[in-house]
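Chemist: Let me begin by handing over the structure; questions about it come next.
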Amino acid sequence: MELDEEDLQLINALQIGPRLPWTQLGEVLDRHPTSLAARWDRLTSAGVAWINAHPLGDPQQMTLSFHDVQCDPARRQEVAAALALLPDVFTIEECHRNRDMMLTVITPSTTWLAESVYPQLDRIPGLIRYQSSFCTKLHYGAADWQLGALSPGQVRKLRELGAPPEQYHGPLPASYRDIIQQLARNGRATAADIAETTGLHPATARRQLQRILSSRTMTFRCEVAHSLAGYPIVCQWTGRLPAGDHDEAARVLAGLGGLRLCASTTGATNFMFLMWLRRPADIMAAERSIGELIPRLDLVESVVVARIPKRVGWMLNPDGTASGDVVVPGEAW
């Protein structure tokens, strides 16, 4: 499936306002809301684009960590399948360097990571060892990356329309878990969708959904199959950089384009970033620019991602399209 300009514009608009109504999106894109909804149905049915949602928990307690996994080569796919079933393992990236897979894990606390996630990893047959590093500051995430298919005026208008609601303070009841899991499957689910799926009264579904959205304990983003969007190369770098230079380095990297992740971390290296690129030659071009613009960054390793079986809970096909299967947030959330 090839994406035309209107596909790219719609995806870009949803990257800015993942839950904006079709009427508002139609005003900005100058398209009829019904046509936009039909186009979106076509994209999601093909697995080309989708809206995911995942809980963040208490920002003062939640833990974002990265794990390099080595496994028995004969059991690689078996290990990947077992890892994919773990709700706290949000993303799995297969590679072929000093590790077989790279995992992104999000937990509500370091205690949950130690007492729940690590024991589950230890029980997976064929998983030989893993090494962990912790994110000490997330400078740039995938939600910050955009296709760049819209005009500055359209981007500005969408940001105004997508401003978050007044924030609700306080923990969410455990009874809201069904709605949270439904949103994980469909980040654009309406109160009517939720009422139909969960059996809640429509007014109750509407009230609880609004409370979840205003709590800002969930993050929503529009994803796209990277190869079909024109970015078949996924490369991650790790390196060492004086701590005082991290913020500026992240700003410089964002200016190069294609940046999907940039984080300060613990471990043998303290700075990592990941880019989507259009061609293999762009890896060398990026490294040359980085060497000129961030001379104090000592790049230790670059790793090309061969396959992404799971991205933020969504299971992907080998071509990067969504399979339709989603591993929803577990009991920790």
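Chemist: Between Glu27 and Ala174, how high is the FRET efficiency from 1/(1 + (r/R0)^6) when r is the Cβ-Cβ distance and R₀ = 51 Å? Nearest 0.05.
Modeler: For R0 = 51 Å, the calculated efficiency reads 0.85.
Chemist: Hey, how much of the P(r) for the chain falls beyond 24 Å, as a percent of Cα pairs?
Modeler: When all Cα pairs of the chain are counted, 58 percent exceed 24 Å.
Chemist: State the percent of C-alpha pairs, over all pairs in the stretch 7-119, separated by a distance greater than 20 angstrom.
Modeler: Everything past 20 Å amounts to 58 percent.
Chemist: State the percentage of accessible surface on the stretch 192-265 attributable to carbon and sulfur atoms; use a 1.4 Å probe and exclude ligands, DNA and RNA.
Modeler: Carbon plus sulfur share of accessible area: 51 percent.
Chemist: Explain nothing, just the number: dipole magnitude of the stretch 59-166 about its Cα centre with +1 on each Lys and Arg Cβ and -1 on each Asp and Glu Cβ, in debye rounded to the nearest 20.
Modeler: With only Lys, Arg, Asp and Glu charged at Cβ, the dipole is about 280 debye.
Chemist: Assuming 0.890 mPa s and 25 °C, estimate D for the stretch 237-287 with Stokes-Einstein, Rh taken as the Kirkwood radius over Cα pairs, in µm²/s.
Modeler: Taking Rh from Cα pairs, D becomes 214 µm²/s.
Chemist: Once R0 is set to 41 Å, what does the formula 1/(1 + (r/R0)^6) return for the Cβ-Cβ distance between Glu78 and Ser151, expressed as a FRET efficiency to the nearest 0.05?
Modeler: 0.30
Chemist: If you don't mind, another one. To the nearest 0.05, how large is the calculated FRET efficiency for Arg296 and Ala38 if R₀ is 56 Å and r is the Cβ-Cβ distance?
Modeler: After rounding to 0.05, the efficiency reads 0.65.
Chemist: Please report the accessible area of Tyr118 (heavy atoms, 1.4 Å probe, ligands and nucleic acids excluded) in Å², nearest 10.
Modeler: Roll a 1.4 Å probe over it and Tyr118 shows about 50 Å².
Chemist: Also: Using protein chains only and a probe of 1.4 angstrom, how many square angstrom of Leu213 are accessible, to the nearest 10?
Modeler: Surface open to solvent at Leu213 totals about 40 Å².
Chemist: On average, how much accessible surface per residue is there in the chain, in Å², for a 1.4 Å probe, leaving out ligands, DNA and RNA?
Modeler: Dividing the accessible area of the chain by its residue count gives 46 Å².
Chemist: Tell me the Rg and the Dmax, in Å, that the Cα atoms of the stretch 160-302 produce.
Modeler: 20.7, 59
Chemist: For the stretch 126-204, taking Cα atoms only, what is the radius of gyration to one decimal and the Dmax to the nearest whole Å?
Modeler: Considering the stretch 126-204 through its Cα atoms, Rg and Dmax are 18.8, 52 Å.
The values are calculated or read from the model by the stated rules, or taken from the named source; none is laboratory data. Note that the structure is predicted; figures quoted are calculated from it, not measured. Cβ sites come from the backbone with ideal geometry, for glycine too, and all protein chains shown count toward neighbours. Side chains included, ligands, DNA and RNA excluded: accessible areas come from the protein's heavy atoms. Shrake-Rupley method; radii C 1.70, N 1.55, O 1.52, S 1.80 Å.
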